[in-house]
Amino acid sequence: MKMRQGVLVISHGSRSKSWVQSVDQLLDELELEMPLEAAFLDMVEDRTIGKGIERLEAQGVEEILAVPLFVSSGSTHLAEIQYALGLVPQPEVETELQPLPICARIIWAAPMDSHEKVHEILCERIQELSVQPEEEIVMLAAHGSDAPGFRERWQAMLERLAIKLQRELGLKQAIYGTFHPDTLRERACMAADSHRLLVIPLFLSPGYYTEKMIPKKLEQISHVYNRRAYLPDPKVAQWLKETITSHLREKAVT
């Protein structure tokens, strides 16, 4: 007998009501005929991961696809979430989360990383600024991580994106800079010395980093900045729907 399936989309919390609304709107766009819940790591009362699981199980869900709505698999938060979901016996990082009481079977999906829809978003952001791509350097501005192992995951993702964007758009070069480790300003300075520098943020939603931190880091450096985050681009919903349906197809085959 086939188990009843549901989806739990997990993202970082925020005190901003607009952020919560944007995630809820994202789920509304999916138009999937199955139980869906959005849960937040913190800061959103009654929308915790545990509450989301309780709501799905109350609908008779026996198998939950957990989809992390995060930019990179290099986020240490993913290790915390996996531990809370009982997917790993020990967390890779220190966490206040504890394993949750879960009856349903949990399936883990990958975050956005360098998915084709992410590449399409970044291509559009670059083309909005680009004038003469063969004479331009694009810098991807990302959060990054100082934690061993997680830092390398961020770097691998950013390198994949940079190489593909440079090749496809015919750029002079595509590079990246992060806040952790702090490389953003140094790399921007080197690039802007000789070429037109285009800066593209890799953040899920607009906010503190896109509006304040990146502009502050790049003060007095010649550059052009596209401050648009991934959301509310409809390609995020397309990525999410593809992720969900691909896991369901794999489950049906097995």
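The values are calculated or read from the model by the stated rules, or taken from the named source; none is laboratory data. The structure presented is a predicted model; accordingly, all values stated were derived computationally and were not measured. All Cβ positions, even for glycine, are placed from backbone atoms using ideal geometry, and neighbour counts span all protein chains on display. The accessibility values were calculated without ligands, DNA or RNA, using every heavy atom of the protein model including side chains. Shrake-Rupley method; radii C 1.70, N 1.55, O 1.52, S 1.80 Å.
Among the residues of the range 160-181, which ones are of a type outside the set (A, V, I, L, M, F, W, C) and either open to solvent by less than 90 Å² (accessible area, probe 1.4 Å) or part of a strand (DSSP E or B) (or both)? Across the range 160-181, the qualifying residues are Lys164, Gln166, Gly170, Gln173, Tyr176, Gly177, Thr178, His180, Pro181. A single entry from Val20, Val67, Val44, Val61 fulfils the requirement of being part of a helix (DSSP H, G or I) and not charged (D, E, K, R): Val20. In the range 1-25, the residues that are free of Cβ contacts under 8 Å to residues at least 24 places away in the same chain form Cβ pairs under 8 Å with partners that are not in a loop (DSSP other than H, G, I, E, B), at six or more places apart or across chains, as follows: Asp24/Ala38.
The requirement of being within 18 Å of Leu78 (Cα to Cα) and touching an Asp or Glu at 6+ places or on another chain (Cβ under 7 Å) is fulfilled somewhere in the range 176-195, by at least one residue. Considering (1) in contact with a Phe, Trp or Tyr (Cβ under 8 Å, 6 or more places away or on another chain); (2) closer than 16 Å to Phe70 by Cβ, the lone condition that Leu231 does not fulfil carries the number (1). Would you check which residues across the range 178-222 are touching a strand residue (DSSP E or B) at 6+ places or on another chain (Cβ under 6 Å) and without any contact (Cβ under 8 Å) to a residue 40 or more places away in the chain and list them? Selection gives Thr178, Phe179, His180, Thr183, Thr210.
Scanning the range 237-246 turns up no residue that is in contact (Cβ under 8 Å) with a residue 24 or more places away in the chain, in contact with a Lys or Arg (Cβ under 8 Å, 6 or more places away or on another chain) and farther than 30 Å from Arg4 by Cβ. Has the range 120-128 got at least one residue that is surrounded by fewer than 16 Cβ atoms within 10 Å (Cβ to Cβ), touching a helix residue (DSSP H, G or I) at 6+ places or on another chain (Cβ under 6 Å), under 19 Å from Leu204 (Cα atoms) and of a type outside the set (Gly, Ala, Ser)? Checked the range 120-128: at least one residue is surrounded by fewer than 16 Cβ atoms within 10 Å (Cβ to Cβ), touching a helix residue (DSSP H, G or I) at 6+ places or on another chain (Cβ under 6 Å), under 19 Å from Leu204 (Cα atoms) and of a type outside the set (Gly, Ala, Ser).
Condition check ((1) touching a residue at least 60 places away in the same chain (Cβ under 8 Å); (2) outside any helix (DSSP H, G or I)) across all residues:
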{"position": "His77", "(1), (2)": "yes, no"}
{"position": "Pro91", "(1), (2)": "no, yes"}
{"position": "Leu100", "(1), (2)": "no, yes"}
{"position": "Ile107", "(1), (2)": "yes, yes"}
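Kindly indicate whether any position in the range 79-98 is at pLDDT below 95, crowded, with 16+ Cβ neighbours inside 10 Å and among the aliphatic types (A, V, I, L, M). Scanning the range 79-98 turns up at least one residue that is at pLDDT below 95, crowded, with 16+ Cβ neighbours inside 10 Å and among the aliphatic types (A, V, I, L, M). Take the residues in the range 99-113 that are open to solvent by less than 40 Å² (accessible area, probe 1.4 Å) and not aliphatic (A, V, I, L, M), then tell me which one is nearest to Ala237 (Cα to Cα). Checking each candidate, the answer is Pro111. Candidates are the residues of the range 183-206 that are among the charged types (D, E, K, R) and open to solvent by 90 Å² or more (accessible area, probe 1.4 Å); the one that is modelled with the highest pLDDT is Glu186. Does the range 1-20 contain any residue that is open to solvent by 40 Å² or more (accessible area, probe 1.4 Å), in contact with a Leu (Cβ under 6 Å, 6 or more places away or on another chain) and at pLDDT below 95? Yes; the residues of the range 1-20 include at least one that is open to solvent by 40 Å² or more (accessible area, probe 1.4 Å), in contact with a Leu (Cβ under 6 Å, 6 or more places away or on another chain) and at pLDDT below 95. Within the bounds of the range 121-143, is there any residue that is closer than 30 Å to Glu94 by Cβ, of a type in the set (A, V, I, L, M, F, W, C), modelled with pLDDT of 95 or more and part of a helix (DSSP H, G or I)? No, there is no match, as no residue in the range 121-143 is closer than 30 Å to Glu94 by Cβ, of a type in the set (A, V, I, L, M, F, W, C), modelled with pLDDT of 95 or more and part of a helix (DSSP H, G or I).
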